[in-house]
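The values are calculated or read from the model by the stated rules, or taken from the named source; none is laboratory data. Computed from a predicted model, the values in this text were never measured in an experiment. FYI the Cβ positions are ideal-geometry reconstructions off the backbone, even for glycines, and counts take in every protein chain you see. Remember, those area values only see protein heavy atoms, side chains included, never the ligands or the DNA or RNA. Shrake-Rupley method; radii C 1.70, N 1.55, O 1.52, S 1.80 Å.
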Amino acid sequence: MPSAEDGKHLDFIRSIVAEDNRTGKWEGRVETRFPPEPNGYLHIGHAKSIVLNFGVAAENQGCCHLRFDDTNPEKESTEYIEAIKRDVRWFGYDWGEHLYYASDYFDQLFDFAVQLIKAGKAYVCDLSAEETRQYRGTLTEPGRDSPYRQRGAEENLDLFQRMRAGEFENGSRTLRAKIDMAHPNLVMRDPVIYRIKKVPHHRTGDKWCIYPMYDFTHCLSDSIERITHSICTLEFEDNRALYDWVLDQLGVYHPQQIEFARLNLEYTVMSKRILLTLVTEGIVDGWDDPRMPTISGMRRRGFTPESIRTFCEMIGVAKRDSMVDMGKLEWAIRDDLNHRSPRVMAVLEPLKLVIDNYPDGQEEELEAPYYPDDPPKMGYRKVPFAKELYVEREDFMEEPHKKFWRLAPGREVRLRWAYLVTCTGVVKDATGNVLEVHCDYDPATRGGDAPDGRKVKGTIHWVSARHSLPAKVRLYDRLFTVPNPSGTKDGSTFRDHLNLDSLLALEQARVEPSLAQAEPGARYQFERKGYFCVDSKESEPGDLVFNRTVTLRDSWAKMMKKENK
RNA sequence: UGGGGUGUCGUCAAGUGGUAAGACACGGGUCUUUGGAACCCGCAUUCGCAGGUUCGAAUCCUGCCACCCCAGCCA
């Protein structure tokens, strides 16, 4: 993993920072920033940026600012601001005093614009949006100068003041940087730096009716905050020319912009536009739907901040476009949860199991470790055992596959932490569905070990029919059926690739009684089934709801899948 | 046909002229009261392609090819 400590394998950004520290380029300062626009919730792609920016700063005793890039009030809101702060905090990162808003710089930005106008480097343009587009030219043809390009500074100043005063209609005029309409880089063809938008801003109210554009705002915000390394994604590479131009023209402090490849994850989307659509059209149940790749969705799903950080470290930082496979994210969360989750028994799809030779009214309490690999770590709980139990429907096969080691007629298996039982028969309904499985237990095997040393291949989990608690369990699957749902090569859209079975709600699950007081958000391993957490929104003491974070690795399922191909 | 980028194992990703790290995945095995975990072994004669320079090239040169981004008064 890239880190400042091991001194090698630094990713290219950390290498630049290390080199800058060596040469004293920034007097040893390292100041980064995470600059989200509050127009949606943060997702796993933002996590990559957060981990990078806060990580690089921390490794170099620097700091990372949280700055809201709030220059487009039409799409932004305080709800998003609060959600973003909550998510960054959840990761454990601290921006300290460094919470900023681009909107706090509006006055300074306006002054900088005036400075540009006075220097003959910006002008007010009366072209409409459509005309501006036509004058811009194309990828292969140069643009043409706006007829307003030669206005004098005085006139520009007057017009710009009046734009600010609200004298002109939306879209009627813009302030443009005067660069080069024939520039091969389209970004440099006299970019608009201020537009008229007569809409109130969530922080500045109706103080402004003109708002600065990203390219003008971002570099100057970085400059004002004395950022050293302004890290952003690849699609801003062309914008770097303008970033540098603005700061050079104004002669102000000049950070270095560095671009890296954004995260793409298989079977999901990072596009805020699509994510917003999923939410507004009710395709998912809100920004924090556990199927969403949002930080809030993943949190509700049961992911830990540590696992997401590990994942980000696994995938590295580079400049090439990539598509990361889900397996890596799953590995990261399993690895983390494996070490911190108490084991507990839950039967997702119950099948009644009756132990015929177990005394009718009898019951006993069995000791079961919460963490079998190192019992002292988490201790033990009591699990009630009785004549009637529930076991997992799929742990019984009347006509077992040759490699199926679980329950089947005549077969002996171990009930986890309880007894060895041998299947003696089944009860079916008229249509042949198995209603009950009958067994005999071996009283000498209490705890699960046979005194005669005989081995059983299969161990299954169970729950007492009478003592267990009802619970709802939600099984989640990928939201899309194809690795790259937003790829539109064949003209398809994300809508064509929605996985209609991404949510499976099991209403009849039974869990062991120790879970009665499970706290919202608490994480468990349901033995042999996966990692689950108590839903933080809908679970209540008498009405438990669990979300499956991720399954356990399942070599049996893998084998079956391979066989069916 | 303009400009900016990128091409190393199925997927990420090191490597910056001295003879292809690591991780995930995958295959095999050990162990096992989770078909989990853990542990062991294996897994690129080859770095988009073609030439060239060199004792020696993924690394240098030349020419191709492929993919991504840019024509918002979005960020």
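Output the number of the condition that A:GLY327 fails; it satisfies all remaining conditions of (1) within 12 Å of RNA strand B (Cβ to nearest atom); (2) over 15 Å from A:LYS48 (Cα atoms); (3) in contact with a Leu (Cβ under 8 Å, 6 or more places away or on another chain); (4) not aliphatic (A, V, I, L, M). Against the list (1) within 12 Å of RNA strand B (Cβ to nearest atom); (2) over 15 Å from A:LYS48 (Cα atoms); (3) in contact with a Leu (Cβ under 8 Å, 6 or more places away or on another chain); (4) not aliphatic (A, V, I, L, M), A:GLY327 comes up short only on (3).
Report the residue count in the stretch A:190-217 for those that are open to solvent by less than 10 Å² (accessible area, probe 1.4 Å), within 11 Å of A:LEU242 (Cβ to Cβ) and either over 33 Å from the mean Cα position of the chain (by Cα) or of a type in the set (Asp, Glu) (or both). Summing the residues that are open to solvent by less than 10 Å² (accessible area, probe 1.4 Å), within 11 Å of A:LEU242 (Cβ to Cβ) and either over 33 Å from the mean Cα position of the chain (by Cα) or of a type in the set (Asp, Glu) (or both) in the stretch A:190-217 gives 1.
Just checking, does the stretch A:414-427 include any residue being farther than 20 Å from A:ALA465 by Cα, of a type in the set (Phe, Trp, Tyr) and either in a strand (DSSP E or B) or in contact (Cβ under 8 Å) with a residue 12 or more places away in the chain (or both)?
Within the stretch A:414-427, the subset farther than 20 Å from A:ALA465 by Cα is none.
There is no residue in the stretch A:414-427 that is farther than 20 Å from A:ALA465 by Cα, of a type in the set (Phe, Trp, Tyr) and either in a strand (DSSP E or B) or in contact (Cβ under 8 Å) with a residue 12 or more places away in the chain (or both).
Give the stretch A:534-565 a look and list any residue that's assigned to a strand (DSSP E or B), in contact with a Gly (Cβ under 9 Å, 6 or more places away or on another chain) and either away from RNA strand B (no atom under 16 Å from the Cβ) or acidic (Asp, Glu) (or both), or say none. Within the stretch A:534-565, A:VAL534, A:ASN547 meet the criteria.
Here is a yes/no grid of residues against (1) crowded, with 21+ Cβ neighbours inside 10 Å; (2) touching a Lys or Arg at 6+ places or on another chain (Cβ under 8 Å):
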position: A:HIS65; (1), (2): yes, yes
position: A:TRP95; (1), (2): no, no
position: A:ASP111; (1), (2): no, no
position: A:GLY120; (1), (2): no, yes
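For the stretch A:394-412, enumerate the residues that are touching a Pro at 6+ places or on another chain (Cβ under 8 Å), surrounded by 14 or more Cβ atoms within 10 Å (Cβ to Cβ) and either within 14 Å of A:ILE355 (Cα to Cα) or in contact (Cβ under 8 Å) with a residue 24 or more places away in the chain (or both). Across the stretch A:394-412, the qualifying residues are A:ARG406, A:ARG411.
Taken over the stretch A:350-375, the residue count meeting the criterion of being in a loop (DSSP other than H, G, I, E, B) and either in the same structural domain as A:ARG309 (by TED's automatic domain parsing) or near RNA strand B (Cβ under 9 Å from one of its atoms) (or both) is 3. Scanning the stretch A:239-249 for residues that are of a type in the set (A, V, I, L, M, F, W, C) and open to solvent by 20 Å² or more (accessible area, probe 1.4 Å) yields A:ALA241, A:TRP245. Taking the listed residues A:ILE295, A:ILE283, A:ILE333, the one that is away from RNA strand B (no atom under 16 Å from the Cβ) and within 24 Å of A:GLN525 (Cβ to Cβ) is A:ILE295, with no other qualifying.
Considering each of A:ALA518, A:ALA509 in turn, give the residue that is more than 30 Å from A:SER271 (Cα to Cα), open to solvent by less than 50 Å² (accessible area, probe 1.4 Å) and part of a strand (DSSP E or B). Steps first, please.
Values: A:ALA518 fails: part of a strand (DSSP E or B).
The unique qualifying residue is A:ALA509.
Among the residues of the stretch A:454-470, are any open to solvent by 50 Å² or more (accessible area, probe 1.4 Å), in a loop (DSSP other than H, G, I, E, B) and free of Cβ contacts under 8 Å to residues at least 40 places away in the same chain? Yes, the conditions are met somewhere in the stretch A:454-470.
Suppose we filter the stretch A:279-293 for residues that are closer than 17 Å to A:LEU500 by Cα and without any contact (Cβ under 8 Å) to a residue 24 or more places away in the chain; how many remain? Final tally of qualifying residues: 6. Residue pairs whose Cβ atoms lie under 8 Å apart, sitting 6 or more positions apart in sequence or on different chains, and linking a residue in the stretch A:519-536 that is on the phi > 0 side of the Ramachandran plot to a partner that is open to solvent by 30 Å² or more (accessible area, probe 1.4 Å) and not acidic (Asp, Glu), are A:GLY521/A:SER536; A:ARG528/A:LEU552; A:GLY530/A:ARG548; A:GLY530/A:THR551; A:GLY530/A:LEU552.
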